[in-house]
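What follows is one structure encoded as C-alpha cells, with my remarks underneath.
The values are calculated or read from the model by the stated rules, or taken from the named source; none is laboratory data. No experiment lies behind these values; they were computed from the predicted model shown. So basically every Cβ, Gly included, is an ideal-geometry build from the backbone, and we count neighbours across all protein chains shown. All accessible areas refer to the heavy atoms of the entire protein, side chains included, with ligands and DNA or RNA removed. Shrake-Rupley method; radii C 1.70, N 1.55, O 1.52, S 1.80 Å.
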Amino acid sequence: MALPVNATRGQHVWYWCLRVICAFGFLFLVGPIVVIVPISFSSGSFLSYPLPGLSLRWYETVVEPFPWMFALENSLIVAVATTLIATTLGTLAAYGLTRAHFPGKPLIFGLLISPLAVPVVISALGLYFFFARVGLVQTHAGLIIAHVVLAVPFVVITVSATLKGFDWNLVRAAESLGAPPLSAFFQVTLPLIAPGVLAGAVFAFVTSLDEVIVALFVSGPAQITLPRQLFTGLRDQLDPSIVAIATILILFSLALLAVVELLQWRNARHRSRGDT
Amino acid sequence: MTAPAGSNLEVKLRRAQRRRSFTSFLLVAPLLLFILVVFAGPILSLLYFSIDDPKLAEVMPRTAKIVTAWDGAELPGEDAYAAVVEEIRTGYANRTVAAAAMRLNYEISGFRSMVMRTGRKIRRITGPPYRDALIGLDERWGDITYWRAIKASAGPYTTRYLLAAVDLERRWDGSVAKAPPERTIYVEYLQRTFWISFWVLACCILIGYPMAYLIATSGRRTSRILLALVLLPFWTSLLVRTAAWVVLLQNKGIVNDFLLLAGIVDEPLTLIFNRTGVYIAMVHILLPFLVLPLYAVMRNVPPDQLRAAASLGARPVAAFLSVYLPQTLPGLGAGCILVFILSLGFYITPALIGGASDQMLSYLIAEFATRTGNWGMASAIAILLLLSVAALYPVYRGLVRGGTGFRFG
C-alpha cells in the first residue's frame, strides 16, 4: 500500500491516520507479550522497570518441584493423553465422514464440532455435573476426557480440510493391487494427510495445555495444571516467578507457531503440486 | 447386455456401496458416541437440572405431599404441623435436614437457620397439638409466607431458577411477578455481559479493520511479518496474556510508569480491577479473531478496484464505502459475530482483571456451581447464556457460507 504521488491533502491525512492506528494496533498486540519477558530476569521482586539487576532467581523458583514443576507434570500428562486420544478419534471420524455417503452426515459433523460453539463455561458445567454423578470429578481421567471433548473439533476440522484435497484414486489403486483397507490407510492415506493430522494434534495439545475453565470445575488439588496454577497465582499472589513461567510459555508458543506455519506451508506446496 | 446380468451387477454394486457406507459410519461411531455421552448429553441435562427440585420432597416427603395439596390461602392444618415436626425430628437426627433447609433458604433468607434452630429444640415437643408447640418454638411457624415457601419448594419440579435468571418469581397464587430488589441482579449481569461484549467488539473493529487492510495490501514480505505479529498473541496462552496485562496495568506497573514519565498524567491511573482493564485485556485477546477472517476476505479483493473507482472520479471515502467495504462485509460480519460470541462467554479475564462490578454471566455460573453448590441456578443461567449465543449462531453460519472460509495462517 502506497500513497499515489498526486494524493490530495485529505488522502494524506487518511493515510497517516491509518498508519498510526495500525502502529498502535500492532504495538498493542505484541507489546505486552514482549515487555514482560525481561522482567522475568529481574533480580528484584517488583514487576516494573527499571530492573534492579539481572538474575535467574525466578527461574530457580520455577524449577522447584512445588508448585510449578508439579503443575507442569500434570499439564503434560493430561495434554499428551488428550492429544493421543483426540487425534486418533478425530482422524478416524474425519476419515469416515469423507470416505462415503451415509444419512445425517452434515448433522453428525455439526455435532462433532459443536464443543467449539458452546461457551467453555457451559461445557465445563455440563461436564462437572456429569462427572459428579459418575465419580470422575477430581481425577486425571476426568480431566483428560473433558479436554478431549474440547480438543477433538480441531482435529476433525483440520483432518477433514486436508482430506478435501485428497485423491481417493490412490486408495482405489492400492486396494486394486490387493492391499487390505487397513494397510491402504496406513501406507497410502495416512502419510499423505499427515500434515493435517499433525496440525490437528498440535491444536489439540495447545487446547489442553491452555485450558483453565474446565480444570477449575472438574479437577482437584492432585490435578492442578499449569494454567490453573497461573490462575491461582495471579489471583492470590503475584510474583515474578509467574512472569518466568509466562516467558517459558511464550517461547513455547513461538515454537508452535513456527511448526504450524511450516506444516501449512508444506501442505499448501503439496496440494499445489498435486493440482498441476 | 442382458437384463439379468445387469441387475446382478447393480445389486452387487449397491451392496458394496452400502457396505462402504456402513464401515465409514463405524469409523465415525466411536467419536460420535463419545460426544453424545460426554458432551451433548450433559449439556441437555442442564435443562433438566434447571427445573429439577427434589431436595425437600426427599427429606420431608409427607410435608411436601400435604403442602402440595394445600391451597395456600390460610395457614395449613394440624396435619401439616405434625408432619413438619416429625420430619424435622428424624431429619435432624440423621443429619439430612440441612439439605432441605438450604433449599428453603433460596425462598426466604433466614429459613435455613430457622429450620436448624427448630431441629435443635425439637426434643421439647412431646405431643400434640403440634401447631401451638411449633409456633411456641419459633413464632415464624405461624407466618403464612414461610408455609408458602415450603409449598414452593415441595417439588419435584420448579420454574423458580429459570424465572429467577430473568429476575422474575412465581407468587404463591401462581402468578409471575418481578422478584424483590435484593434478588433482581441477574438481568443486570446479562445486560452487562452484552454491554461489555459490544464495546469490546467496537474497539476490535476500530483497530482491527485498518490492521487487516494494511496486512492485505502490503507487499508479500511485509504482510507475512505483520501476520506473524497477529498470530503470535493468537497462539499465546490466554493466561499468559492476562498475566501480562495484570503486570502492565498495576498502579506501579509499566503503563502507569510510562504515562507518568511522559507527563501525560500527574498521578497513576487506576487501570486494573475495573472496567477499563477488562476492556483493554479483552480487546487484546479477541483482536486476532477479527483481524484473521477479515484479512482472509480482504486478500481476495483486487486493490485495482479502488484505483479504478478513483480514476472514474469517485472521492476516496465514496470509493471506499461503495467499492471496498461491501466486498469485505462477509469477513467483517463473520469476525464480528465470532468476537461477540466469544466475548459473551468470557470468564477468566474479567475474574482476574475486573472488579466486583465487572463480572459477566460466566462468573455467576462458576460461582453457583463451584462455590454455593446451587445446581439449579447455575443451570438456569447457563441456559440463558447458551440461548444468547445460539441466537447469534445462524447469523454467523450464514455469513461464513456467504463469504470465503478463513484458514489460520
TODO: Starting from the range A:131-149, keep only residues that are touching a residue at least 24 places away in the same chain (Cβ under 8 Å) and open to solvent by 40 Å² or more (accessible area, probe 1.4 Å), then list their pairs with residues that are hydroxyl-bearing (S, T, Y) and part of a helix (DSSP H, G or I) whose Cβ atoms are within a distance under 8 Å, requiring at least 6 positions of separation or different chains.
DONE: A:V137/A:Y128
TODO: Test each condition in (1) surrounded by fewer than 21 Cβ atoms within 10 Å (Cβ to Cβ); (2) within 8 Å of chain A (Cβ to nearest Cβ); (3) at pLDDT 90 or above for B:R275 and report the one that comes out false.
DONE: (2)
- [ ] Specify which of the listed residues (B:L232, B:L201) is part of a helix (DSSP H, G or I) and touching a residue at least 24 places away in the same chain (Cβ under 8 Å).
- [x] B:L201
- [ ] Determine which single condition A:F231 fails, assuming it passes every other condition in (1) within 22 Å of the chain's Cα centre (by Cα); (2) open to solvent by less than 20 Å² (accessible area, probe 1.4 Å); (3) more than 7 Å from chain B (Cβ to nearest Cβ).
- [x] (3)
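For A:V159, are the conditions met, namely being surrounded by 23 or more Cβ atoms within 10 Å (Cβ to Cβ) and within 12 Å of another protein chain (Cβ to nearest Cβ)?
Here the answer is yes, as A:V159 does meet what is asked.
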TODO: Consider B:S109 carefully, then state whether it is of a type outside the set (A, V, I, L, M, F, W, C), open to solvent by 40 Å² or more (accessible area, probe 1.4 Å) and modelled with pLDDT under 90.
DONE: yes
TODO: Report the residue count in the range B:29-80 for those that are open to solvent by less than 60 Å² (accessible area, probe 1.4 Å), closer than 23 Å to B:Y130 by Cβ and hydrophobic (A, V, I, L, M, F, W, C).
DONE: 11
TODO: Please find, within the range A:28-54, the residue that is farthest from the chain's Cα centre (by Cα) out of those that are surrounded by fewer than 14 Cβ atoms within 10 Å (Cβ to Cβ) and among the small types (G, A, S).
DONE: A:G53
- [ ] Mind listing whichever residues of the range B:295-321 are surrounded by fewer than 16 Cβ atoms within 10 Å (Cβ to Cβ), part of a loop (DSSP other than H, G, I, E, B) and within 38 Å of the chain's Cα centre (by Cα)?
- [x] B:R299, B:N300
Task: Evaluation of B:D266 against (1) more than 22 Å from A:T232 (Cβ to Cβ); (2) part of a helix (DSSP H, G or I) (one fails), failing number - done: (2)
Task: Qualifying residues in the range A:88-115 (those that are in contact with a Pro (Cβ under 9 Å, 6 or more places away or on another chain) and not polar (S, T, N, Q)) - the one farthest from B:A390 (Cα to Cα) - done: A:L92
Open item on the list: So A:L84 passes all but one of these: (1) surrounded by fewer than 17 Cβ atoms within 10 Å (Cβ to Cβ); (2) not in a helix (DSSP H, G or I). Which condition number does it fail?
Closed with: (2)
Task: Options B:L214, B:L206; residue that is within 13 Å of chain A (Cβ to nearest Cβ) and loosely packed, with under 15 Cβ neighbours inside 10 Å - done: B:L206
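Kindly indicate whether any position in the range B:360-373 is in a loop (DSSP other than H, G, I, E, B) and among the β-branched types (V, I, T).
yes
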- [ ] Go through the range B:81-100 and count every residue that is surrounded by 15 or more Cβ atoms within 10 Å (Cβ to Cβ) and in a loop (DSSP other than H, G, I, E, B).
- [x] 1
Task: Any chance B:T145 is surrounded by fewer than 17 Cβ atoms within 10 Å (Cβ to Cβ) and either in the same structural domain as B:A378 (by TED's automatic domain parsing) or assigned to a helix (DSSP H, G or I) (or both) - done: yes
- [ ] Just need a number here: residues in the range A:1-59 that are touching a Leu at 6+ places or on another chain (Cβ under 6 Å), part of a loop (DSSP other than H, G, I, E, B) and within 9 Å of another protein chain (Cβ to nearest Cβ).
- [x] 0
Open item on the list: Consider the range B:322-356. How many of its residues are open to solvent by less than 50 Å² (accessible area, probe 1.4 Å) and free of Cβ contacts under 8 Å to residues at least 24 places away in the same chain?
Closed with: 5
TODO: Assess whether B:L392 counts as being assigned by TED's automatic domain parsing to the domain that holds B:M282, touching a helix residue (DSSP H, G or I) at 6+ places or on another chain (Cβ under 7 Å), surrounded by fewer than 20 Cβ atoms within 10 Å (Cβ to Cβ) and hydrophobic (A, V, I, L, M, F, W, C).
DONE: yes
Open item on the list: Condition (residue is farther than 22 Å from A:F26 by Cβ, within 13 Å of chain A (Cβ to nearest Cβ) and either part of a loop (DSSP other than H, G, I, E, B) or among the charged types (D, E, K, R) (or both)) applied to the range B:322-345: is it met by at least one residue?
Closed with: yes
- [ ] Tally the residues that are part of a loop (DSSP other than H, G, I, E, B), of a type outside the set (V, I, T), surrounded by 15 or more Cβ atoms within 10 Å (Cβ to Cβ) and in contact (Cβ under 8 Å) with a residue 40 or more places away in the chain, restricting the search to the range B:158-198.
- [x] 2
Task: Identity of the residue in the range B:372-398, in contact (Cβ under 8 Å) with a residue 40 or more places away in the chain and more than 15 Å from the chain's Cα centre (by Cα), that ends up nearest to the other protein chains (Cβ to nearest Cβ) - done: B:Y396
- [ ] Of the conditions (1) within 24 Å of B:L231 (Cα to Cα); (2) crowded, with 16+ Cβ neighbours inside 10 Å, A:L262 clears all except one; give me its number.
- [x] (2)
- [ ] Could you list, in sequence order, all residues of the range B:217-229 that are free of Cβ contacts under 8 Å to residues at least 12 places away in the same chain and either in a helix (DSSP H, G or I) or more than 7 Å from chain A (Cβ to nearest Cβ) (or both)?
- [x] B:G219, B:R220, B:R221, B:T222, B:S223, B:R224, B:I225, B:A228, B:L229
Open item on the list: Can you say whether A:I245 is touching a residue at least 60 places away in the same chain (Cβ under 8 Å), more than 12 Å from chain B (Cβ to nearest Cβ) and closer than 15 Å to A:W68 by Cβ, as far as the supplied structure shows?
Closed with: no
Open item on the list: If I filter the range B:44-57 for residues that are among the basic types (K, R) and under 17 Å from B:A149 (Cβ atoms), do I get at least one hit?
Closed with: yes
- [ ] Please verify whether the range A:63-79 includes one or more residues that are of a type in the set (S, T, N, Q), in contact (Cβ under 8 Å) with a residue 60 or more places away in the chain and within 30 Å of A:G142 (Cβ to Cβ).
- [x] yes
